[in-house]
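The values are calculated or read from the model by the stated rules, or taken from the named source; none is laboratory data. What you see is a predicted model; the values in this text were computed from it and never measured. Glycine also receives a Cβ, built like all others from the backbone with ideal geometry; neighbour counts cover every protein chain displayed.
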Amino acid sequence: MERKLKPIHVQQVLKDKGIRLFSPVEFQRSFSVSLRAAQEFIKDHSHDIFLKMRNGLYALRTEMPSEGAIANRLYAPSYISFEYAMARYGLIPESVYAVTSATTRITREFVVNNKSFEYARIKKQAYRGYRAEKVDGATILIAEPEKAFVDYFYFVDLKLKRLNNRLNVRRLNKKVVMEYTALFNRQSLLKLVREAL
């Protein structure tokens, strides 16, 4: 096994295959070794070659994936939304330090490499309105501008987020915003969104 898995060779193969995030099973498949051998190699090199994202998810330290790729894999199903997506689209002027995502699972937060990844639970019927984008060779799922706006307002309506008074709504398609708002089936949210537009 050790003859087959040499650190320099492993790094080169992962780079060549474009694998920046992986589980022990994905590592096992890439190198045709037993799962135990894969787990042992990852564990033995988690201080120099690999960075542990969470249990069962690792990254190559020299080829760190984008924040979006990490966010999507760290806690699935999820798509990037709320303030992080809104800042990316210019809907809010502030820089955002946490990567915020919507999920159908329980609300969670992870800190990876001193970066916060926050996941907020939304209703299953509202889990849509996102698209796939290519970032640094990886496909990430991110809310459309209108959906990020509505997801954010859903939590403002629940009093779990504070309303940002410096929203830039000029570029939003108001018809699409109202369609996404209807997915949440909340009259108070509908009223709040109408007032903001």
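Mind listing whichever residues of the range 52-74 are over 30 Å from ARG166 (Cα atoms) and buried (at least 18 other Cβ atoms within 10 Å of the Cβ)? Step through it out loud before you land on a result.
Filtering the range 52-74 down to residues over 30 Å from ARG166 (Cα atoms) leaves 52-65, 73-74.
Those that are over 30 Å from ARG166 (Cα atoms) and buried (at least 18 other Cβ atoms within 10 Å of the Cβ): MET53, LEU57, TYR58, ALA59, LEU60, PRO65, ARG73, LEU74.
Pairs linking a residue in the range 52-74 that is on the phi < 0 side of the Ramachandran plot and not assigned by TED's automatic domain parsing to the domain that holds LYS134 to a residue that is assigned to a helix (DSSP H, G or I) and among the small types (Gly, Ala, Ser), with Cβ atoms under 6 Å and 6 or more positions apart or on different chains, do not occur. Inspection of the range 129-138 identifies no residue that is within 21 Å of PRO93 (Cβ to Cβ) and at pLDDT below 95. Would you please name the residue that is farthest from the chain's Cα centre (by Cα), looking only at residues in the range 100-121 that are among the aliphatic types (A, V, I, L, M) and within 11 Å of TYR79 (Cα to Cα)? Taking the candidates together, the pick is ALA120.
Under the condition of being surrounded by fewer than 16 Cβ atoms within 10 Å (Cβ to Cβ) and either at pLDDT below 90 or polar (S, T, N, Q) (or both), the residues counted in the range 24-39 number 3. Counting only helices (runs of 4 or more DSSP H) that sit wholly inside the range 42-158, those with at least 3 residues that are closer than 29 Å to SER188 by Cβ are 82-88, 145-157.
Being at pLDDT below 95 and closer than 30 Å to PRO7 by Cβ: is that true of SER66 here? Criteria met by SER66. Within the range 102-115, residues that are in contact (Cβ under 8 Å) with a residue 12 or more places away in the chain and assigned by TED's automatic domain parsing to the domain that holds LYS147 sit with their Cβ atoms under 9 Å from residues that are of a type in the set (Lys, Arg) and part of a loop (DSSP other than H, G, I, E, B), at 6+ positions apart or across chains, in these pairs: THR104/LYS123.
With the structure loaded, tell me whether VAL96 is farther than 21 Å from ALA138 by Cα, buried (at least 16 other Cβ atoms within 10 Å of the Cβ) and at pLDDT below 95 or whether it fails that test. Considered against the rule, which asks whether it is farther than 21 Å from ALA138 by Cα, buried (at least 16 other Cβ atoms within 10 Å of the Cβ) and at pLDDT below 95, VAL96 comes out as no.
Taking the criterion of being over 11 Å from GLY68 (Cβ atoms) and of a type in the set (Val, Ile, Thr), would at least one residue in the range 128-148 satisfy it?
no
Only residues that are closer than 22 Å to VAL135 by Cβ and of a type in the set (Lys, Arg) were counted across the range 1-30, and they come to 3.
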